[in-house]
Amino acid sequence: MDLGMKILVVDDFSTMRRIVKGVLRTLGFKNIIEAENGKMALSELKKEEVGLIVSDWNMPEMTGLELLKAVRSDGKLKGIPFIMVTAEGQKENIVEAIKAGVSNYIVKPFTPDTLKEKVEAVLG
Amino acid sequence: MHDPELVEGFIADSREMIDEVEPYLIELQKSFEAEGDVDEEILNTIFRLFHSLKGAAGFLHLDNVTRVTHEAETLLNHLREGKLTLNDTQMDMIFEASDFIRKLLSSIEEKGSDEGFESEAEEIVESLRKTIAGPAGNISADEQPAASNDQPGAPPDDPSVSPVPETTDEEPVASDEQLLITPEMKKQFIEESDELLEEVEQNLLALEGGEGQGEGLAGAFRNIHSFKGNCGFFGYSELERLSHKSETVLEHMKNGAVEACGENISVLLRIVDMLRGGIADVSEGGQGRIQGCDLLLELLDDMIPAAEEEQPAEGKPIGEILVERGDATPEAVESALEIQSKPLGEILVDMGKTTPKAVEKALSQQEKQGKTKKVVRRDIRVDLDKLNELNDLVGELVTAQAMVVRNPDLKGHEFENFEKAAHHLEQISASLQDVAMSLRMIPVSGLFRKMMRLVHDLSRKAGKRVDLRMKGEETEVDKTVIEVISDPLVHIIRNSVDHGIEPPDERERAGKNPTGMVELEAKHEGGEVWITVRDDGKGLDRERILAKAIQKGLIEGDGKDMADKEIFGLIFEPGFSTAEKVTDISGRGVGMDVVRKNIDQLKGRVDVQSTAGEGTTISIRIPLTLAIIEGMLVRSGESRYLIPLLAIKESFRPKLDHVTVMPGGQEMVRVREELIPVARLSHVYRLGNGNGRLDEGLLIILENQGKSMCLFVDEILGQMETVIKGLPGFMGNIQGVSGCTILGDGEVSLILDVGGLMERAKQ
Amino acid sequence: MEENKGKGALEDDFLDEDEEDTQKDKFLTFRVGHEDYGIEIRHVTEIIGIQKITAVPDMPEFVKGVINLRGKVIPVLDMRRRFSLEDRDYDERTCIVVVNVAEAAVGLVVDTVNEVVDIPEERIEPAPEINKGGNNLMIQGLGKVGEEVKILLDVNKLLNGQTPEPPAGAEQAAVA
């Protein structure tokens, strides 16, 4: 795993972004950028070289699923590992995400260890 | 180390959680005493709450909280598993634990950590452990609670689950088998598969529709089982693995290890879609590939709990319940299940293997269990500032709308269409206002429930038996009111339990039920919220209160002429009660004067009624909305003022011979039997001129906290409902003025605060 | 989130980032009694005609009361009283200059409003040291416009409690 790689964290709640960022940091990743919603995430992805996307499902303007679909259908971006964050009680969405090509998923609330496992599974 | 916002959220959530837990604990105890039986759903709910708290605390590295919650959770788990029998000591321990957690929460609030409480935590952990090890002795106190599945994302080690999924690099099926499969067979396979999947879908939908353990679940299981078999035969391994895993999930649903809830059923329905996709792939010549098969398998795995986990009590199969209750044998259930085409219970009755009554009872237990599913609250957290801003804007909208509709330019004209439109606008504004106001409203139930713990503790400490009843919990009140009224309510209830309710033997001697009653009621009445605390204790002693008041110099004279109401009201005067010990129950405030102070802050009133030997009723009345006021608009000189309608008793034109002028210049007027002082706004505010003759104007009798005053005005202009606005910040608090409002013609009018006005007039 | 968008549209113009710099040297001038005063235009949100002012008790003399400004209740200072001049009847030239003080709007009653003038820094003298503390707390400086002198006021100090002596600063500055 390349700890210097850029990771994009997408969520409309700053608290959630902070948590994910924090966990990623404890895993050793230093290069983390954030986006508030799918649209902004896409513009970030066009500008920077991102090695992993961790995105929430529920977001205004462009949902996580829409972002995933957009990423997977873009020539340049389609190979980027994508972890979808969903909430307890919305597991059926995961199936949707899997259909759309998500690399892995994680359910809130999660422990740092779980996120670590998922990240390793997806990158390793 | 942790984000303050996160910690804040955690503290708020945890407090909420502990508030929720306490009434449940009390209920648990009560029902155990009444029925000798532990109420399973309540126990589970309590367990889950502690479990969540533990999880969150762990996330934030709050060690002391985690340790204590962990032990409490263990204790609760043992109770759940029946390894321990409920007793008072345990309940006390858990209460102690939750008090301790509250303490820790405060410390976290102040210092950001729960450090420094290690030894105390250790003590509580020890006592909890002792209680756990307790009479049974052979229960190891170190046993980890089985349901410690804190990692929802991690696949558990479930031996019943098939081994780690293979890689998705699919090879076509082994050549031998390929020879046996003809295009016809394949066609048939596809058709049959489509049908089976259709069936499964129907079964799952029926299950979702609430058919419990009937056709739905069994049917789905059967059909998926057949489907899996076919796929296996034809060698479509991804289809086989996915359907096998689904079958396992359904099996666990049958035995209750997996909840047959909406979410899980939705997942299964989507999996069925994915299976269909695989079959479509086959019909197009493919290998039955399923997009993201591994991840789907993982998802299904996550739904299956770890082997050791407790089975949730929700919606246990009827057969199991009947067996548990000893109303049917396991064998009978087995054979009935095999024939299953009717509800299981019915079959067993038909077979003569149980009685209809037993089935009914089991059904009602199942229903009860089903109901404890957590109701999904569709709440969102909203920044209070934003809410206030919204309310401000709505207030301004109402004002602006009034200025348009009642514009002086329109005076004398009749515009029919305009008026219709204006009326419509007025109605919409009013509705908008109601909704905006209601956003800040919260039911009092949370507040009332907190009192359950209070009464419980107080009565135990005082050695009395007190029942707390609640009425009107769903009554909604502005958020600020809830916050401000909490302390007063605590003090009033404390008063009732400590001084009002008599000890059981005394009550019996008086012919009363040895268990005393305190009733909390909330209701809306006439634009106000009424919150009453009623007890059936010994009532207030007029003479004693009078004596104390005289002793403390709170009243002049002997008070013989004072009405009961007034005397009882004295208990709220600052200085009346001696400084009571600040206990951990009420925490702050020095007694009943907090009541008066807080109620005043809310512009409300408090009344006391009492009958010796029978009880006391304390009523708190608070204006329903703090932002709208109904008032009387009056003119004094050149200025206009708005007087809150609630404070007005009556108005009249005085006769000069009813007016007496005291040596100091103070005017008094005789109203029936009373002599009421007169105040002129121009004097009180030193503004403008209102020096007309009293008989050329009007006197308005104002009442506040039992005192009366006459206000002299030149004219009464009418009654109106309007939005209260605050005066500009830098002007501060002006005695006698509670705010201002914008009138229809655009001018600003001050709103009088009657209490303050009276104070001011005295000086 | 922007919080202060409740004020007049004029404010948007005045607080426009690009324009702020060019606003710095512009002053709105008005007359109170015998003197001309000026306030930096960037603090002025609007000018309205005189309207009925609702008196509020317990306020200093120069706080005349409050008015309704498009749904907001704002305080109004009478500048004549602020400078200890005698009251005079309001007429059709009396105006209320609404300024922005510490995020809040305040109205100032003045005899007449004149024009917006450019007073570059070089033409501004500091307030005289003598008498500091009394009147001169609010005086930002003295601006020279042609032959005339305008007393430039510091908007933030207008509300300070002291009621000063009628300013005599103008003559002194002219001499200097």
Report summary line: So the FRET efficiency between residue B:469 and residue B:16, C-beta based with R0 = 25 Å and rounded to 0.05, is 0.60
**Report entry** Tensor-based shape of chain A (alpha-carbon gyration tensor, a/c under 1.5 rounded, otherwise prolate or oblate)
**Finding:** rounded
Query raised in the report: Sorted by accessible area with a 1.4 angstrom probe, largest first, how do B:460, B:48 fall?
Result: B:460, B:48
Query raised in the report: At a Förster distance of 51 Å, what's the computed FRET efficiency of residue B:283 paired with residue B:34, Cβ-Cβ distance as r, to 0.05?
Result: 0.20
Query - Mean-position separation - Cα centroids, the stretch A:62-80 and the stretch B:606-651, in angstrom - result: 63
Query raised in the report: Can you give the % of DSSP beta bridges in the stretch B:628-762 that are antiparallel, to the nearest 5?
Result: 90
Query raised in the report: Can you give the accessible area per residue of the stretch B:450-581, in Å², using a 1.4 Å probe?
Result: 50
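What average count of beta carbons from other chains do you get within 10 Å of the Cβ of residues in B:724-734?
5
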Query raised in the report: Counting only protein heavy atoms, what percent of the accessible surface of the stretch B:628-762 is carbon or sulfur at a 1.4 Å probe?
Result: 46
Query - Heavy atoms of residue A:6: accessible area, 1.4 Å probe, square angstrom to 10 - result: 50
Query raised in the report: Could you give the longest part of chain A that holds none of the GluC sites (Glu not before Pro) found in DSSP loops with at most 13 neighbouring Cβ atoms within 10 Å?
Result: A:1-47
Query raised in the report: Peptides B:104-113, B:222-231: what's the order by average Cβ count within 10 Å, highest mean first?
Result: B:222-231, B:104-113
Query - Local net charge near residue B:64, Cβ-Cβ under 11 Å (Lys/Arg +1, Asp/Glu -1) - result: -4
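Run through the stretch B:658-763 and list the trypsin sites (Lys or Arg not before Pro) located in a DSSP loop whose Cβ has at most 16 other Cβ atoms within 10 Å.
Counting only loop positions with at most 16 other Cβ atoms within 10 Å, the trypsin sites (Lys or Arg not before Pro) in the stretch B:658-763 are B:672, B:686, B:693.
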Query raised in the report: Along its principal axes, what span do the Cα atoms of the stretch B:374-523 show, with the longest given first and each in whole Å?
Result: 77, 36, 26
Requested in this report: Enter the accessible area per residue of the stretch B:4-133 (Å², integer; probe 1.4 Å; all protein chains in place).
Outcome: 42
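Using a 1.4 angstrom probe on heavy atoms only, work out the carbon and sulfur share of the accessible area of the stretch A:7-123 in %.
The C+S portion of the solvent-accessible surface of the stretch A:7-123 is 49 percent.
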Report task. Please average, across the residues of B:262-271, the number of beta carbons from any other chain that are within 10 Å of each residue's own beta carbon, and give a whole number. Result -> 4
Report task. Loop only per DSSP, at most 16 neighbouring Cβ atoms within 10 Å: give me the trypsin sites (Lys or Arg not before Pro) in the stretch C:53-135, ordered by residue number. Result -> C:70, C:88, C:93, C:132
Report task. Find the relative contact order for the stretch B:678-763 and round it to a whole percent, using C-alpha pairs within less than 8 Å whose residues are 6+ positions apart. Result -> 23
Requested in this report: Work out the FRET efficiency for residue B:461 and residue B:707 from their Cβ-Cβ distance, taking R0 = 41 Å, and round it to the nearest 0.05.
Outcome: 0.60
Query - Dipole of the stretch B:208-297, positive end: most advanced residue of B:285, B:224, B:256 [Cβ charges, Cα centre] - result: B:285
Query raised in the report: Averaged over A:104-112, how many beta carbons belonging to a partner chain fall within 10 Å of each residue's beta carbon?
Result: 5
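Take the Cα atoms of the stretch B:628-762, build their convex hull, and give its volume per residue in Å³.
Dividing the Cα hull volume of the stretch B:628-762 by its residues yields 112 Å³.
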Report task. Please sort by residue number the GluC sites (Glu not before Pro) in the stretch B:655-709 whose DSSP state is loop and whose Cβ has at most 11 other Cβ atoms within 10 Å. Result -> B:673
Query raised in the report: Among all the lysines, which ones have a C-alpha under 19 Å from residue A:39's C-alpha, if same-chain residues fewer than 8 places away are not counted?
Result: A:6, A:47, A:69, A:76, A:78
**Report entry** Buried area at the B-A interface (accessible, heavy atoms, 1.4 Å probe, summed, Å²)
**Finding:** 2200
Query raised in the report: Shape call for the stretch B:183-303 from the C-alpha gyration tensor, a ≥ b ≥ c root eigenvalues: rounded (a/c under 1.5), prolate (a/b greater than b/c) or oblate?
Result: prolate
**Report entry** Positive minus negative residues near residue A:117 (Lys, Arg vs Asp, Glu; Cβ under 13 Å)
**Finding:** -2
Query raised in the report: What percentage of the solvent-accessible surface of the stretch B:183-303, computed with a 1.4 Å probe over protein heavy atoms, is contributed by carbon and sulfur atoms?
Result: 46
Query raised in the report: How far apart, in nm, are two points set 7 Å out from the Cα along the Cα-to-Cβ line at residue B:8 and at residue B:554?
Result: 4.0
Query raised in the report: At the nearest 100 Å², what buried accessible area, both sides summed, do you get for B and C when the probe is 1.4 Å?
Result: 1800
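The values are calculated or read from the model by the stated rules, or taken from the named source; none is laboratory data. Since this is a predicted model, take the numbers as computed values, not measurements. Don't worry about glycine lacking a Cβ; one is built from the backbone with ideal geometry, like all the others, and counts go over all protein chains shown. Heavy atoms of the whole protein, side chains included, go into the accessibility calculation; ligands, DNA and RNA do not. Shrake-Rupley method; radii C 1.70, N 1.55, O 1.52, S 1.80 Å.
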